[in-house]
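A.B. asks: Got a structure for you, questions after.
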Amino acid sequence: MVATLLAPARPSPADTARWYDPEHETLPREQLAALQLLRLRETVTRAYRQVPVHRQRMIAAGVEPEDICRLDDVARLPFTLKADLRDHYPFGLFAQPVEQLARLHASSGTTGKPTVVGYTHDDLNTWAELMARTLHCAGARRGDIVHNAYGYGLFTGGLGMHYGAERLGAVVVPISGGGTERQVALIQDFRANVLCSTPSYALAIAEVAEQQGIDLRQGALRVGLFGAEPWSEAMRREIESRLGLRAVDNYGLSEIMGPGVACECEARGGLHGWEDHFLFEVIDPETGAPLPEGASGELVITTLTKQALPMLRYRTRDISRLASAPCACGRTHVRLLRVTGRNDDMMIVRGVNVFPSQIEAVLFGRPHLAPHYQIVLERRGSLDHVTLEVEAAFGLTESEYDNLARDVVHHVKSAIGITVEARVLAPGAIPRSQGKAVRVRDLRPKDA
């Protein structure tokens, strides 16, 4: 019965080139939901039987695997938090003995113990397939030269992109981050078609190329696959204008899999979340209550096929919305509307809730400003106080900086409704990042 239910109509041969995995990417939503429920029940059962933490929490919540009869029943399950991975460091949430795994990844642990994630051989195969699907969705194709400037190592970005590009049949340049002058040279010499990096590092590559008198817009770059940090539409336009490619948003997080959880298609009407492997919810971040489709809230993800590290209702802290209306690309998977920020990045400035991405949208594209900035966050009284440090473009004199700063203050006030201080700095004054950009310097007291 299940096999019959899940058999979709076959796309025509002319359509299959549009999708990497047409059988699953175009699955009718009723059949997709049936597949999700089947896999959700399997995942919950695995977590209950093999992960003591999940079992204890489910018992405390009065729910057993047999109680999951509909997709909506996922709301009966307890949430999982990033802190749980640290509290049960290193392997306490694993459903498999570590000696039976194929690979471990981990966060940097800059704010405490690192979060450790594991993969079985089947998990790695699934990841490679989803990354190939993601790259194809973004516009990469077999035979393309993929310049992979995501960091390799314990960070999931580099290896995730690498194995996905190989699975797609592309040619991978595994350069990792850093050595930006060499990056520029190899993009030009190898005639790379696809650039994979954080959006902030893509701008650093563009800046170094321009300083060398190299116009990468005249090269072979066609598609850029960017993620690992929130970025705005204004930043997209800046990247596209300076690199001459089509900038595509990709979403993922190590706790769920790594990159490849969701990706934009050519319609760019949101990021298709791969629902045959993940169940997406949006909740009220204050109450934890599920929100209806289209409402903005915190994204929650449950893995449906992960073996080593099944995640039940993982709170990502990312703010997004879901849309399941038909997409022009023909994919049926739900779309995550662009992540606008994280709960823990939100600032309260004179009573107004503000995300860094909102400030970025104002700064990018302003005349005489370079696309490099930092937000300095301090506590004054009971409210957050924001100072914007922004670089001037090359060719300006310091005598012009004060007028630029006043212009920044005016436009932030007009667009967002908050009053900030602004400091315009000389070109190169703000540190460049090879990975995730440090956009906020938080100087508030630790107990604030």
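A.B. asks: Quick one: 3J(HN,Hα) in Hz for segment 227-236, Karplus 6.51/-1.76/1.60 with θ = phi - 60°, rounded, Gly and Pro as x.
C.D. replies: Here the 3J(HN,Hα) series is x, 6, 7, x, 8, 9, 4, 5, 5, 4 Hz.
A.B. asks: Given bins 10 angstrom wide, list per bin the percent of all Cα-Cα distances in segment 11-124, short to long.
C.D. replies: The percentages, shortest bin first, are 12, 31, 31, 21, 6, 0.
A.B. asks: Would you compute, for the Cα atoms of segment 135-273, the largest minus smallest coordinate along each principal axis and list the three values in descending order, in whole Å?
C.D. replies: 41, 29, 26 Å, listed from the longest principal axis down.
A.B. asks: Moving on. Roughly to the nearest percent, how much of the accessible area of segment 74-227 is carbon and sulfur, given a 1.4 Å probe?
C.D. replies: Taking all protein chains in place, segment 74-227 shows 50 percent carbon and sulfur surface.
A.B. asks: For Leu253, list long-range residues whose amide hydrogen, built 1.01 Å from N in the peptide plane, is under 5 Å from its own amide hydrogen.
C.D. replies: Gly258, Val261
A.B. asks: How high is the FRET efficiency between Glu166 and Asp402 when r is their beta carbon distance and R₀ equals 51 Å, given to the nearest 0.05?
C.D. replies: 0.45
A.B. asks: Please give the residues of segment 240-278, grouped as numeric ranges, whose backbone N is less than 19 Å from a label point set 7 Å along the Cα-to-Cβ vector of Gln50.
C.D. replies: So the set is 255-258, 277-278.
A.B. asks: Per residue, how large is the accessible surface of the chain? Use a 1.4 angstrom probe and give square angstrom.
C.D. replies: Counting only protein heavy atoms, the per-residue value for the chain is 43 Å².
A.B. asks: Once phi is turned into ³J(HN,Hα) by the Karplus curve 6.51 cos²θ - 1.76 cosθ + 1.60 with θ = phi - 60°, what whole-Hz value does each residue of segment 192-199 show in order, with x for glycine and proline?
C.D. replies: For segment 192-199, the Karplus-derived couplings read 4, 9, 10, 10, 10, 5, 6, x Hz, x marking Gly and Pro.
A.B. asks: A further question on this structure: If R0 is 45 Å, what FRET efficiency do you get for Glu30 and Arg380 from their C-beta distance, rounded to 0.05?
C.D. replies: 0.25
A.B. asks: Let me have the relative contact order for segment 251-321, percent, based on Cα pairs under 8 Å that are six or more residues apart.
C.D. replies: It comes to 24 percent, rounded to a whole number.
A.B. asks: Moving on to the next point. Could you tell me the relative contact order of the chain? Use alpha-carbon pairs under 8 Å, at least six residues apart, and round to a whole percent.
C.D. replies: That works out to 14 percent.
A.B. asks: Amide H of Ala370 versus every other amide H placed in the peptide plane: which residues, excluding those fewer than 5 positions away on the same chain, fall under 5 Å?
C.D. replies: Glu391, Ala392, Ala393
A.B. asks: To the nearest 20 debye, what charge dipole does the chain have about its Cα centre, counting +1 at the Cβ of each Lys and Arg and -1 at the Cβ of each Asp and Glu?
C.D. replies: Computed about the Cα centre, the dipole is about 200 debye.
A.B. asks: Here is a further query. For Ala422, which sequence-distant residues (separation of 5 or more, or a different chain) have an amide H within less than 5 Å of its own amide H, given hydrogens modelled in the peptide plane?
C.D. replies: Leu388
A.B. asks: With a sphere of radius 14 Å drawn around the Cβ of Leu312, what net charge do the other residues whose Cβ falls strictly inside it have (Lys, Arg +1; Asp, Glu -1)?
C.D. replies: +4
A.B. asks: Considering only DSSP beta bridges whose two residues both sit in the chain, what percent are antiparallel, to the nearest 5?
C.D. replies: Bridges in the chain that DSSP calls antiparallel: roughly 65 percent.
A.B. asks: Report for segment 354-433 the percent antiparallel among DSSP-assigned beta bridges with both residues inside it, nearest 5.
C.D. replies: About 65 percent, rounded to the nearest 5.
A.B. asks: Shifting gears a bit: At 1.4 Å probe size, with the rest of the protein present, what percent of the exposed accessible area of segment 359-402 is carbon and sulfur atoms?
C.D. replies: About 48 percent, which is the carbon plus sulfur part of the accessible surface.
A.B. asks: Still on this structure: Rounded to a whole number of µm²/s, how large is the Stokes-Einstein D of the chain at 10 °C and 1.306 mPa s, given Rh as the Kirkwood radius over C-alpha pairs?
C.D. replies: 69 µm²/s
A.B. asks: With a point put 7 Å past each Cα toward its Cβ, work out how far Glu181 is from Thr419 in nm, to one decimal.
C.D. replies: 4.7 nm
A.B. asks: Still on this structure: Label Gln218 and Ala328 with points 7 Å out from Cα along Cα→Cβ: what is the distance between them in nm?
C.D. replies: The two pseudo-label positions are separated by 3.2 nm.
The values are calculated or read from the model by the stated rules, or taken from the named source; none is laboratory data. Just so it is clear, the model here is predicted, and its values are computed rather than measured. Quick reminder, even Gly has a Cβ in these numbers, built from the backbone with ideal geometry, and neighbours come from all protein chains shown. Please note that ligands, DNA and RNA were not included when accessible areas were found on the heavy atoms of the full protein model with its side chains. Shrake-Rupley method; radii C 1.70, N 1.55, O 1.52, S 1.80 Å.
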